[in-house]
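Q: I am attaching a structure below and will ask some questions about it afterwards.
Just so it is clear, none of the values below were taken in a lab; they were calculated from the coordinates. If you're wondering where the values come from, they're calculated on a predicted model, not measured in any experiment. Cβ coordinates were reconstructed from backbone atoms using ideal geometry, including for glycine residues, and neighbour counts include every protein chain displayed.
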Amino acid sequence: MQGSDRVKRLRGRASSKPVAKEASKPKVVAYLRVSTEGQFSDGHGLDVQERAVRAFALSQGYQLIELVTDCVSGATAPVEREGFRRVMDLAGEGAFTILLLYKFDRLARNVLHAVTSVHQMRDQHGIVIRSVTEPIDTATPMGEMIFTVLASMAAQERQVITERTFGGRREKAVKGGFAGGAAPYGYRRDKDGGLEVVEAEAAVVRRIFDERAAGRTLQAIAAGLNADGLPSKRGGPWQVSSVAYVADNPKYRGAVEYLFTWNGADTHVLREGQHQPILLP
């Protein structure tokens, strides 16, 4: 027995519905950013962001067409990032209508950069930017205003944190403490963040100072260290610059020296340090 053409047409419509539904889903691109590769300490690592945007896209019925990532400081303008340029290329092609972010600060730390990027994508490409963790819709005037206010508040908070960090480092240096940065050759960081002597390297430091006092040139000292197979701080051969850095570093005599620059003003700190000197007074 042969079925009617009407049933065939109904079956054809049913089979085509999922395709039509998929095609009607809003197309989105997710933009993820971390400041350093493999960043997890602040809870905003790439894996955390990816899980969040995928879950959000699924819950909203979005079609996620691409995940774009950048490993770069948020202070860098979005247009200067390789990943974000890919986002702009996709926007120019009309490939999506919504840009998903884990948080708006993944777009930029600088308020001007963030607001400019939002306006550019909306005005030039009709792109709406949504945060999966913040209930703000930049497609509406109210949402845009809230976004601008929050971006400004976030920038101010970061400014306060930066000032506090700077002040803490300067205060530590004034008290003779090691105020951050890589430990110089001859030392390593101890469990309290200070400096402790690495004796094998300390012997090389003493050799450099002895040979320098004897009148040897920096080039000759570097050549001698390389000839004896002694690696530099980074494990490679000694250069004139690396020998000069050791010979000119007051930490080996037990002092700390820093030049802090903040808001255009310099603060020079030279104090007796809390660490053990490698050279005898």
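Q: Could you go through region 196-205 in sequence order and give the Karplus-derived ³J(HN,Hα) for each residue, using 6.51 cos²θ - 1.76 cosθ + 1.60 with θ = phi - 60°, rounded to whole Hz, and x for Gly and Pro?
A: 10, 6, 9, 4, 4, 6, 4, 5, 5, 4
Q: Could you list which residues have their amide H under 5 Å from that of Arg33, counting only those 5 or more apart in sequence or on another chain, with H placed in the peptide plane?
A: Amide H neighbours of Arg33: Asp70.
Q: Shifting gears a bit: Beyond 20 Å, what share of the Cα-Cα pairs of region 175-272 is found? Please give it as a whole percent.
A: Within region 175-272, distances greater than 20 Å cover 42 percent of Cα pairs.
Q: May I pose another question? Give me a comma-separated list of calculated 3J(HN,Hα) values for region 243-253, in order, Karplus coefficients 6.51, -1.76, 1.60 applied at θ = phi - 60°, integers in Hz, x for any Gly or Pro.
A: 5, 4, 4, 5, 5, 10, 9, x, 4, 5, 9
Q: Charges at C-beta only: +1 for Lys and Arg, -1 for Asp and Glu. How large is the resulting dipole of region 175-272 about its Cα centre, in Debye rounded to 20?
A: About 60 debye.
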